[in-house]
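The next block holds one structure in the form of structure tokens; read it before the comments.
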Amino acid sequence: MKRSTLRIGRVRIRAAQPEDLPTLQDIERAAGEMFRAIGMPEIADDDPPPLADLERHQQEGTAWVATTETNETVAYLIADHIDAGLHIDQVSVHPNHGGKGIGRQLIDHAAAAASTNEITALTLTTFRDVPWNASYYERCGFRTLDDYELTPDLTAIRNREADHGLDRWPRVTMRRQMIS
């Protein structure tokens with residue numbers, strides 16, 4: 001993936017660097033606390049991605065961070081190449097910086113980077129009934145896929161999530177077609 005920096009408003013989107021990775025775990029823990037307030041404490045208590053996983057994304061160029069004017073890292077997105085698309089594994093914004101469009105900026109940045117590599121779509125899996133999940137992604141241009149539309153790779157992701165206990169709450173797989 002192309003490593004670029006993009007400044008949008010007061011937030012700068014850039015490729016994640018090795019020194020960012022522990023902060024991404026902190027952001028994930030803080031963002032996870034929002035789930036406790038809606039009766040999903042298991043999600044709040046879930047461990048953040050291991051440093052080794054974050055490092056793999058960083059080295060592959062599929063990890064981006066959003067930083068403030070003071071260079072504070074406040075959000076991140078990690079993704080994997082699957083099928084002919086880019087699958088968003090995680091997008092998290094620190095709650096102190098939520099509601100400012102930072103998540104959308106990260107998604108749009110990943111889409112722009114992906115489009116330079118002939119990627120046809122973004123995909124993700126998420127909770128159907130969590131207000132900042134499926135309905136949010138719909139506003140970002142994603143649509144929910146029916147089960148018959150799932151590729152073997154997307155099915156494998158959903159199965160891993162079920163094995164991890166995430167299907168305790170309704171989940172969906174979503175896709176955003178890239179504009180050529």
Using packing as a proxy for protection, rank 103-116, 27-40, 73-86, 151-164 so that the peptide with the highest average count of other Cβ atoms within 10 Å comes first.
73-86, 103-116, 27-40, 151-164
Kirkwood calc, region 1-92, C-alpha pairs only, radius in angstrom 13.8 Å
Go ahead and run the numbers for FRET between R10 and E33, Cβ-Cβ distance against an R0 of 35 Å, rounding to 0.05.
0.90
Calculate the spin-label point distance for I82 paired with A44, positioning each point 7 Å from the Cα along the beta-carbon direction, and give it in nanometres.
2.8 nm
For region 1-120, the accessible surface attributable to carbon and sulfur atoms (probe 1.4 angstrom, ligands and nucleic acids excluded) amounts in percent to 47 percent
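Within 9 Å, Cβ to Cβ, of V65, how many net charges do the neighbouring residues add up to if Lys/Arg are +1 and Asp/Glu are -1? Don't skip to the end; give the middle numbers.
Values: positive: R12, R14; negative: D20.
Taking every other residue near V65 into account, the sum is +1.
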As a test, work out the antiparallel percent of DSSP beta bridges whose residues both lie in the chain, rounded to the nearest 5.
90 percent
How much of the calculated P(r) for region 39-93 lies past 17 Å, in percent of all Cα pairs?
48 percent
Which shape class applies to region 101-180: rounded if a/c is under 1.5, otherwise prolate when a/b exceeds b/c and oblate if not, where a ≥ b ≥ c are the square roots of the Cα gyration tensor eigenvalues?
oblate
Determine the per residue accessible area of region 1-160 with all protein chains present and a 1.4 angstrom probe, expressed in square angstrom.
49 Å²
Unit-weight point scatterers at every alpha-carbon of region 29-180, Debye formula, q = 0.10, 0.14, 0.20 1/Å: log10 I(q)/I(0) is -0.34, -0.69, -1.56
Here region 123-138 yields Karplus 3J(HN,Hα) values (6.51, -1.76, 1.60; θ = phi - 60°; whole Hz; Gly and Pro given as x) of 10, 6, 10, 7, 7, 5, 9, 8, x, 9, 10, 3, 5, 5, 5, 4
Backbone N under 16 Å from the D146 label point (7 Å along Cα→Cβ), restricted to region 161-180
173-175
E161/T120 FRET efficiency (R0 30 Å; Cβ-Cβ; nearest 0.05)
0.85
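The values are calculated or read from the model by the stated rules, or taken from the named source; none is laboratory data. Predicted model, so just to flag it, every value in this text is computed and none were measured. Heads up, the Cβs are rebuilt from the backbone with ideal geometry, glycines too, and the neighbour counts pull from every protein chain shown. Surface areas here come from the heavy atoms of the whole protein model, side chains and all, with no ligands, DNA or RNA. Shrake-Rupley method; radii C 1.70, N 1.55, O 1.52, S 1.80 Å.
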